[in-house]
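Heads up: the structure comes next, in structure tokens.
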Amino acid sequence: MADGLNFLSKQTPSRFFNAASVYSSFQATKWTGSVKHHGMPISISIEPTTSCNLRCPECPSGLRSFTRPTGMMNKELFESVMNQLAPTLSYLIFYFQGEPYLHPNLLEMVRMAAQQKIYTATSTNAHFLTDEIAKKTIESGLDRLIISLDGTTQETYQSYRIGGKLDKVIEGAKNILRWKKELKSKTPHVIFQFLVVRHNEHQIDEVKKLAKELGVDEVKLKTAQIYDFENGSDLIPVNDKFSRYKKKSDGHYAIKSGLLDECWKMWHSCVITWDGKVVPCCFDKDAHFVLGDLTKSSFKEIWEGRKYLDFRNSLFTSRSEIEMCRNCTEGAKVFA
């Protein structure tokens, strides 16, 4: 409740009007079958860096499998994005690929967005939440902090978070919660995000108990994206409730959610990579569908440009032919 009220408190007439324009144009497109788009993004994800300290098996950062370059967003690019989008932007996520806290100026960027009264969030593996960084995180004005915690024992945790140390994660969470209390801050809203896979599904109740003991605000259970899901995987949970995929009669797997020829994400959000590329959504991890470059064009030119229009059109005609959409969970249930 408090987190929702915090988000609403940051909304302005300009942001409400923008969100209404975006939503109504999406509905008009669904009704008429002709693509219409009005307004600027309601939410964007910014990628501070592609670098990461862990080697998670279903993550391009962890696998070191990117074909695009690794790097860190510079201050000038971030300031440019803020200058262009702040008046109408409601939600800013400092995460795409990589570990955000590896960026030396992450919290400075958060502070800049917070000063514009934009709701801010980031997701971390929590290995860098030292006492000093935890204090600075609270002081930055960050609204939501998602901590990936995929096991309650080191053995279970490290089976997916390869190279990770569970005690570092717990220590980092404690640092955040202690400074939040010390500074009498209502933010950030702290979430333990538990990626449910076969080897940790037996610890779901334990992670909820741990979160309660520590004073974490919320636990989110997340279904895992599997790249080669058609042939099955040792990561797919035994409990079908926690899987994005279902087993077919021929032994192969298919994604549970129906693939509708529409996508709300393409109307209200996008992702900006560390080097200024604008890509459709978080499923385009290797930036195969670059719709524009902010080092060469303004955001408005890209957002309203021919490439974006054509891409939105393709989603309403043949979404199943777009490779990244075949493993998409848009509209699928995320467990709480």
Within the set of pairs 6 or more residues apart or between chains, which connect a residue that is polar (S, T, N, Q) inside the range 261-283 to a residue that is open to solvent by 10 Å² or more (accessible area, probe 1.4 Å) and at pLDDT 95 or above with Cβ atoms less than 7 Å apart? Ser269/Ile42; Ser269/Ser43
Could you grab the pairs with beta carbons closer than 6 Å, sequence gap of 6+ or different chains, first residue in the range 1-22 and free of Cβ contacts under 8 Å to residues at least 40 places away in the same chain and more than 26 Å from Ile191 (Cα to Cα), second one among the small types (Gly, Ala, Ser) and buried (at least 16 other Cβ atoms within 10 Å of the Cβ)? Ser21/Gly39
Is it the case that the range 126-140 has a residue that's of a type in the set (S, T, N, Q), closer than 30 Å to Pro69 by Cβ and in contact with a Leu (Cβ under 7 Å, 6 or more places away or on another chain)? yes
Breaking point among (1) free of Cβ contacts under 8 Å to residues at least 40 places away in the same chain; (2) open to solvent by 10 Å² or more (accessible area, probe 1.4 Å); (3) of a type outside the set (D, E, K, R), for Ala86: (2)
Return yes when Leu77 is of a type in the set (A, V, I, L, M, F, W, C) and either open to solvent by less than 10 Å² (accessible area, probe 1.4 Å) or in contact with a Cys (Cβ under 7 Å, 6 or more places away or on another chain) (or both) and no when it is not. no
I'd like the residue in the range 178-213 that is within 21 Å of Tyr101 (Cβ to Cβ) and in contact with a Leu (Cβ under 6 Å, 6 or more places away or on another chain) and, out of all such residues, is surrounded by the most Cβ atoms within 10 Å (Cβ to Cβ). Phe194
Just to be sure I understand the filter: pairs with C-beta atoms under 8 Å, separated by 6 or more residues or on different chains, first member in the range 31-43 and at positive phi and modelled with pLDDT of 95 or more, second member surrounded by 10 or more Cβ atoms within 10 Å (Cβ to Cβ) and assigned to a loop (DSSP other than H, G, I, E, B). Which pairs pass? Gly39/Thr88
Which of the residues belonging to the range 13-42 are closer than 20 Å to Phe316 by Cα and assigned to a helix (DSSP H, G or I)? Ser21, Val22, Tyr23, Ser24, Ser25, Phe26, Gln27, Ala28, Thr29, Lys30, Trp31, Thr32
From Leu129, Leu92, Leu54, Leu107, grab the single residue that is in contact (Cβ under 8 Å) with a residue 24 or more places away in the chain, crowded, with 21+ Cβ neighbours inside 10 Å and in a loop (DSSP other than H, G, I, E, B). Leu129
Scanning the range 85-119 residue by residue, those of a type in the set (A, V, I, L, M) and more than 20 Å from Asp286 (Cα to Cα) turn out to be Leu85, Ala86, Leu89, Leu92, Leu106, Leu107, Met109, Val110, Met112, Ala113, Ala114, Ile118
I'd like to verify a number: residues in the range 110-126 that are more than 15 Å from the chain's Cα centre (by Cα), buried (at least 20 other Cβ atoms within 10 Å of the Cβ) and either assigned to a strand (DSSP E or B) or at positive phi (or both), how many? 1
Scanning the range 231-245 for residues that are of a type in the set (A, V, I, L, M, F, W, C), open to solvent by less than 90 Å² (accessible area, probe 1.4 Å) and assigned to a loop (DSSP other than H, G, I, E, B) gives Leu235, Ile236
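The values are calculated or read from the model by the stated rules, or taken from the named source; none is laboratory data. Just so you know, these numbers come straight off a predicted model, no measurement behind them. Cβ coordinates were reconstructed from backbone atoms using ideal geometry, including for glycine residues, and neighbour counts include every protein chain displayed. All accessible areas refer to the heavy atoms of the entire protein, side chains included, with ligands and DNA or RNA removed. Shrake-Rupley method; radii C 1.70, N 1.55, O 1.52, S 1.80 Å.
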